[in-house]
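Here is the structure we will look at.
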Amino acid sequence: MRLRVHPARSPLAGTIRAPGDKSISHRAVLFGGLAEGTTEVSGFLEGEDTRATLAAMEALGARVERDGATLRVHGGGLQAPPEALDLGNAGTGIRLLAGALVGHPDLHGGVVTLTGDASLSRRPMDRIIEPLARMGARIESREGRAPLVLHPGPLRPVDLELSIASAQVKSAVLLAGMNAPGTTRITLPAPSRDHTERLLPAFGVAVRVDGLSVEIDGPVRLGGARVAVPGDLSSATFALAAALLVPGSEVRIAGVGINPTRDGVLRIVERMAPGSVDRRAAADGDAAGDEPVADLVVHHAGRPVGIEVPVEWVPLAIDEFPMLMALAAASDGVTEIRGAEELRVKESDRIAVMTEQLRRLGVAIDERPDGARIVGGGVAGGRVDAGGDHRVAMSLAVLALVADGPVEIDGADWIATSYPGFVDDLRTLGADVEEQQ
Ligand code: S3P
């Protein structure tokens, strides 16, 4: 599918509700499938990534019922499925599942194969295989990449120091630690999103956090929980950036998770467009699982300005860089991004893909091994490609609102990975977007 986005002729206005948080939706159904009893999940993201994790839990033996907007997951009693579990495009799905399953007592002696699409099969899995192997896990891979063949068996606890600030690796080790007798401890070099630590206690599992270290005592079983998934700040970023870019705009994005380990984009935007984002108390209060939630009211506060992005904020905004790079392209002055080499191993090589696509729209951008230097200015219309990456597709669609002419974006089907309602939401705010088959 191709999107054709027309330059905005009038300010964007209105209210949308951010779709369910992808990271928390994965965890809610994964933990629910492991838990003895029933887990009720409201606000689950019905995106391709999170559905892949839900389908994997069903294949492992969980029973899932849908009751309006609520999902009911009846978990416990896992069995190794005969078929491979296909996690599609979902890095969180495959990495967290590998950690959760590789020591699971119900699966000892069996074999579980985890696969994914072409993008997922290129992404590094050695970052989970190595720490899990130190716990005694047996995982075969294709030179550190998917497919992963798990041979579940007994695990031993570890005390690990990671060299990357990865929430997926941290979570995989903690979930494996639930099946290892004793204390598993993991220390990261910098903060990373802490959804696992916040959500496990709702399932009756104690987690101790001490600065950058997290500990869990095994063996431990999860019980059912009620989880209200907040809106996804990463998805909210697109409407937020659209309002910053289109003169005169004011939009409200309701029910957005603003977890401080994830709010780097709000800090960066506050520097690029001071005073443009207001956090208001969310009408429906904070979500379960100890996640803070707000309504974001965003208004155009003049043309954003380029900045040097503080390196310590990079892990806190890692998924927002495609949008931030596009935002920088339509800002005044130069934006420098460094210390962001992790972008190269996301759903695409986001540094390379964004550099190529922005250049097609006439943007002056220098690619760096760990980031980019972007010279803000005018953006031309033209034709670009999502490069198989949902966030690239949405970032380019938003940038198109301030281009000199229409922008066509090929490969827009990828948007369904994380935000199936994206085009409808943009239209609600007044954007002119055509979908072409
Ligand atoms: C995620 C963690 C981040 C993020 C990804 C989701 C998670 O990845 O980029 O989109 O749900 O734990 P890393 O932990 O690999 O940095």
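The values are calculated or read from the model by the stated rules, or taken from the named source; none is laboratory data. Predicted, not measured: the structure shown is a model, and the values here were computed from it. Note that we place each Cβ from the backbone using ideal geometry, even for glycine, and neighbour counts take in every protein chain shown.
Descriptive notes on the structure:
- Test: residue in region 346-356 that is among the basic types (K, R), surrounded by fewer than 19 Cβ atoms within 10 Å (Cβ to Cβ) and at negative phi: no
- Subset of region 302-325 that is among the β-branched types (V, I, T) and crowded, with 21+ Cβ neighbours inside 10 Å - its residue that is farthest from S348 (Cα to Cα): V309
- Residue ranges of helices (runs of 4 or more DSSP H) in region 11-116 with at least 1 members touching a strand residue (DSSP E or B) at 6+ places or on another chain (Cβ under 6 Å), charged (D, E, K, R) and away from the ligand (no atom under 13 Å from the Cβ): 48-59
- Region 195-210 residues that are crowded, with 24+ Cβ neighbours inside 10 Å, paired with ones that are at pLDDT below 95 (beta carbon under 6 Å, 6 or more apart): L199/G289
- Test for A283: is it modelled with pLDDT of 95 or more, of a type in the set (G, A, S) and more than 16 Å from the ligand (Cβ to nearest atom): no
- Residue list for region 335-365, restricted to those being acidic (D, E) and free of Cβ contacts under 8 Å to residues at least 40 places away in the same chain: E336, E341, D349, E356
- For region 94-131, the set of residues classified as within 18 Å of the chain's Cα centre (by Cα), surrounded by fewer than 24 Cβ atoms within 10 Å (Cβ to Cβ) and under 25 Å from D159 (Cβ atoms) consists of P124, R127, listed by residue number.
- When region 1-35 is filtered for residues that are closer than 21 Å to L240 by Cβ, among the basic types (K, R) and surrounded by 24 or more Cβ atoms within 10 Å (Cβ to Cβ), only K22 remains.
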